[in-house]
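Step one of this worksheet: look at the structure below.
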Amino acid sequence: MAKLYIALVDTPGVFAWMIRKTIRINYIHVVLSLDGNFQEAYSVGRRNPFIPFFAGFEKEDIYQIHRAFPTARYKIYTIQCTDRQKKELTHQLRHCYRQRFRYHYCIIGLFYLLLGKPFYQTNYYTCSSFIARILQEHGILSFPKHFSLVTPRDFYEYGQGRQQDIIFEGQLQELCLLVNAHRLTNYMVYPCH
């Protein structure tokens, strides 16, 4: 068996505040990572954390996000998949990243989401709809609704039902420190005698 990592993110800002009010939880963004150190983490969101107007498919950089949102909070849990599912998913995510400027944030879909009506425009997604769709396509995780109606709340509730799989909950600053510590142990040089 292999693991994937789902991160739920709580960031400040006006747009985040609107999403938070709509879905009624603090976590308003979803990220899918192939590794526990978030070296290969993907989402549909801001292309640059400092600029809210340009969004699409991106590789997340937790350090850049920390610089933009020092008070951001993360909640991370694991989901199981087969080695083959992870290999195929990895291939697809890397392909999407190479084609990332073809993918856009689906602003109009937010209005359909409020109405509870499925809406899909080719290559336009919210963070949660993209991850819901790709996980469903690979038979890893599915929700009982059209992928365009999946919100961060659905990922939050799924994670709440799997308390044993939650591996981190806290400030992004703490996560960055933990990731750095893990990286250091991977490159540790043993002292000479």
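Grab the DSSP H runs of the chain that are 4 residues or longer, score each as -39,500 (n - 2.57), total them, divide by all residues and round the 222 nm result to the nearest 500 deg cm²/dmol. Write out the running numbers ahead of the final one.
Working: 7 runs with 77 residues, N = 193.
Only helices count here, giving -12000 deg cm²/dmol.
For the chain, modelled as a GNM with alpha-carbon contacts under 10 angstrom, which of HIS66, HIS182, HIS146 fluctuates the most?
It is HIS182.
Specify the residue with the greatest mean-square fluctuation among ILE28, ILE76, ILE108, computed from a Gaussian network of the chain linking alpha-carbon atoms under 10 Å apart.
ILE108
If the only charges are +1 at each Lys and Arg Cβ and -1 at each Asp and Glu Cβ, what is the size of the charge dipole of the chain around the Cα centre, to the nearest 20 debye? Provide the component values of the computation, followed by the final result.
Values: 23 positive and 14 negative charges, 92 e Å.
Taking the Cα centre of the chain as origin, the dipole is about 440 debye.
When only C-alpha pairs under 8 Å and at least 6 residues apart count, what is the relative contact order of the chain, in percent?
Values: 316 pairs, mean separation 49.4, N = 193.
Averaging sequence separation for qualifying contacts and normalising by length gives 26 percent for the chain.
Across region 120-133, in residue order, what do the Karplus-derived ³J(HN,Hα) couplings come to in whole Hz, using 6.51 cos²θ - 1.76 cosθ + 1.60 with θ = phi - 60° and x for Gly and Pro?
So the Karplus estimates, Gly and Pro as x, are 9, 10, 3, 6, 10, 9, 9, 4, 6, 5, 5, 5, 4, 5 Hz.
Using a 1.4 angstrom probe, figure out how much accessible area region 1-150 has per residue, in square angstrom, rounded to the nearest whole.
Numbers: 7640 Å² over 150 residues.
About 51 Å² of surface per residue is accessible.
If you filter region 29-125 for chymotrypsin sites (Phe, Trp or Tyr not before Pro), then keep DSSP loop positions with at most 11 other Cβ within 10 Å, what is left?
Listed in order of number, the matching sites are PHE50.
What's the magnitude of the charge dipole for region 9-77 around its Cα centre, counting Lys and Arg as +1 and Asp and Glu as -1 at the beta-carbon? Answer in Debye, nearest 20.
Working: 9 positive and 6 negative charges, 78 e Å.
So the magnitude is around 380 debye.
How large is the Rg to Rh ratio of the chain when both quantities use alpha carbon positions and Rh follows Kirkwood?
0.97
Pairs to check: LYS87/LYS117; LYS21/LYS87; LYS59/LYS145; LYS21/LYS145. Give those whose C-alpha atoms are more than 28 Å from each other in this structure.
Working: LYS87/LYS117 33 Å; LYS21/LYS87 37 Å; LYS59/LYS145 26 Å; LYS21/LYS145 21 Å.
Correct reply: LYS87/LYS117; LYS21/LYS87.
Relative contact order for region 1-98: what is it in percent, counting Cα pairs under 8 Å that are at least 6 residues apart?
Numbers: 155 pairs, mean separation 35.0, N = 98.
36 percent.
Quantify, in whole percent, the carbon and sulfur part of the accessible surface of region 51-114 (1.4 Å probe; protein heavy atoms only).
58 percent
The values are calculated or read from the model by the stated rules, or taken from the named source; none is laboratory data. The structure displayed is predicted, hence computed values, not measured ones. Positions of Cβ are generated from backbone atoms using ideal geometry, with glycine treated the same way; all protein chains shown enter the neighbour counts. Quick note on the areas: whole protein, heavy atoms, side chains included, nothing else; ligands and nucleic acids left out. Shrake-Rupley method; radii C 1.70, N 1.55, O 1.52, S 1.80 Å.
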